[in-house]
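Visitor: I'd like to ask some things about the structure below.
The values are calculated or read from the model by the stated rules, or taken from the named source; none is laboratory data. Note that the coordinates shown come from a computational prediction; the quantities given were computed from them, not determined experimentally. Quick reminder, even Gly has a Cβ in these numbers, built from the backbone with ideal geometry, and neighbours come from all protein chains shown.
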Amino acid sequence: MILQDPGLIAEQACEIEIERGGKPIGKQDQYIAAYGGVMSLEIGRSGVVTSEKIKLSESEQRELSGNLFLFFSCQTRRADAILADQNSRTLQNLDKLHQIKALAEKAQRALEDRDFEEVGRVIDRGWMLKRDLSEKVSNEELDRMYSLAMKAGATGAKICGAGGGGFLMAYCLPEKQKMLREGMQDYRWMPIGIEPDGSKVIFNYRRSTWK
């Protein structure tokens, strides 16, 4: 059977990466990749994931996507070491982790209220908390990149994923986007958008067989 339930696809991906591969990661990336669109994910202590689609019209998704920018930091990193260091500090970072969880709930409410600018502010507050979870999350160059984006008009910005390198995502209102692109001209801009469908078969070539 080619097509499967997205929840099953996500769990299979988690099994491969987390259980078999031993990666110190969460389940959010696998689930959003499997489902697509804009989702709210609640991950229980047992690892059970409850997913809820946040229903935005196509025009609303275009508006949200149109205000998101992705810039390459020109730095690469292995996420495992950063995440392992974060995990080792869970108890001392517990208050910040609870604040990050509360921000996720705040972002969901903002999306449901179509207050997309508030989403940008939540992104920014989340980065301020995340960068304090481990000294490996950011560095002098990434801090400079973040500051450039904010000075150039972004409502909020953050380094994606574990941090330490990779891409900076910025939320910017239309009237300030030209200034943002000019301010970030030293970094490669990667246009992005919301993928509505999630994981899917894009090519399936079945050969004829002869017996």
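Visitor: Of all residues in the stretch 140-183, which are of a type in the set (K, R) and either under 25 Å from P24 (Cβ atoms) or assigned by TED's automatic domain parsing to the domain that holds A33 (or both)?
Guide: Narrowing the stretch 140-183 to residues of a type in the set (K, R): 144, 151, 158, 176, 178, 181.
Answer for the stretch 140-183, where residues must be of a type in the set (K, R) and either under 25 Å from P24 (Cβ atoms) or assigned by TED's automatic domain parsing to the domain that holds A33 (or both): just K158.
Visitor: Picking from A79, A152, which residue would you name as being out of contact with any strand residue (DSSP E or B) (no Cβ under 7 Å at 6 or more places or on another chain), farther than 19 Å from G37 by Cα and buried (at least 19 other Cβ atoms within 10 Å of the Cβ)? I'd like the intermediate steps shown before the answer.
Guide: Numbers: A79 fails: buried (at least 19 other Cβ atoms within 10 Å of the Cβ).
Result: A152 is the single residue among A79, A152 that is out of contact with any strand residue (DSSP E or B) (no Cβ under 7 Å at 6 or more places or on another chain), farther than 19 Å from G37 by Cα and buried (at least 19 other Cβ atoms within 10 Å of the Cβ).
Visitor: Then there is this: Among the residues in the stretch 120-142, are any assigned to a loop (DSSP other than H, G, I, E, B) and at pLDDT 95 or above?
Guide: First pass over the stretch 120-142, keeping only residues assigned to a loop (DSSP other than H, G, I, E, B): 131-139.
Keeping just the survivors that are at pLDDT 95 or above gives none.
There is no residue in the stretch 120-142 that is assigned to a loop (DSSP other than H, G, I, E, B) and at pLDDT 95 or above.
Visitor: On the given criteria, is D80 out of contact with any helix residue (DSSP H, G or I) (no Cβ under 8 Å at 6 or more places or on another chain), in contact (Cβ under 8 Å) with a residue 24 or more places away in the chain, assigned to a helix (DSSP H, G or I) and in the same structural domain as L180 (by TED's automatic domain parsing)? Steps first, please.
Guide: On the way: out of contact with any helix residue (DSSP H, G or I) (no Cβ under 8 Å at 6 or more places or on another chain): yes; in contact (Cβ under 8 Å) with a residue 24 or more places away in the chain: yes; assigned to a helix (DSSP H, G or I): yes; in the same structural domain as L180 (by TED's automatic domain parsing): yes.
Yes, satisfied.
Each row is one residue, and each column tells you yes or no for (1) touching a Cys at 6+ places or on another chain (Cβ under 8 Å); (2) surrounded by 14 or more Cβ atoms within 10 Å (Cβ to Cβ); (3) among the charged types (D, E, K, R); (4) touching a residue at least 40 places away in the same chain (Cβ under 8 Å).
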residue: L91; (1), (2), (3), (4): no, no, no, no
residue: D95; (1), (2), (3), (4): no, no, yes, no
residue: A102; (1), (2), (3), (4): no, no, no, no
residue: E105; (1), (2), (3), (4): no, no, yes, no
residue: I123; (1), (2), (3), (4): no, yes, no, yes
residue: W127; (1), (2), (3), (4): no, yes, no, no
residue: D132; (1), (2), (3), (4): no, no, yes, no
residue: K136; (1), (2), (3), (4): no, yes, yes, yes
residue: Y146; (1), (2), (3), (4): no, yes, no, no
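Visitor: Among the residues of the stretch 171-181, is any within 16 Å of the chain's Cα centre (by Cα), surrounded by 12 or more Cβ atoms within 10 Å (Cβ to Cβ) and not in a helix (DSSP H, G or I)?
Guide: At the first step, the residues of the stretch 171-181 found to be within 16 Å of the chain's Cα centre (by Cα) are 171.
Among the residues that remain, those that are also surrounded by 12 or more Cβ atoms within 10 Å (Cβ to Cβ) are: 171.
If we keep only those that are not in a helix (DSSP H, G or I) as well, we get 171.
Within the stretch 171-181, one or more residues are within 16 Å of the chain's Cα centre (by Cα), surrounded by 12 or more Cβ atoms within 10 Å (Cβ to Cβ) and not in a helix (DSSP H, G or I).
Visitor: Please tell me if A162 is hydrophobic (A, V, I, L, M, F, W, C), at pLDDT 95 or above and part of a loop (DSSP other than H, G, I, E, B). It would help to see each step written out before you state the result.
Guide: On the way: hydrophobic (A, V, I, L, M, F, W, C): yes; at pLDDT 95 or above: no; part of a loop (DSSP other than H, G, I, E, B): yes.
For A162, the condition - hydrophobic (A, V, I, L, M, F, W, C), at pLDDT 95 or above and part of a loop (DSSP other than H, G, I, E, B) - is not met.
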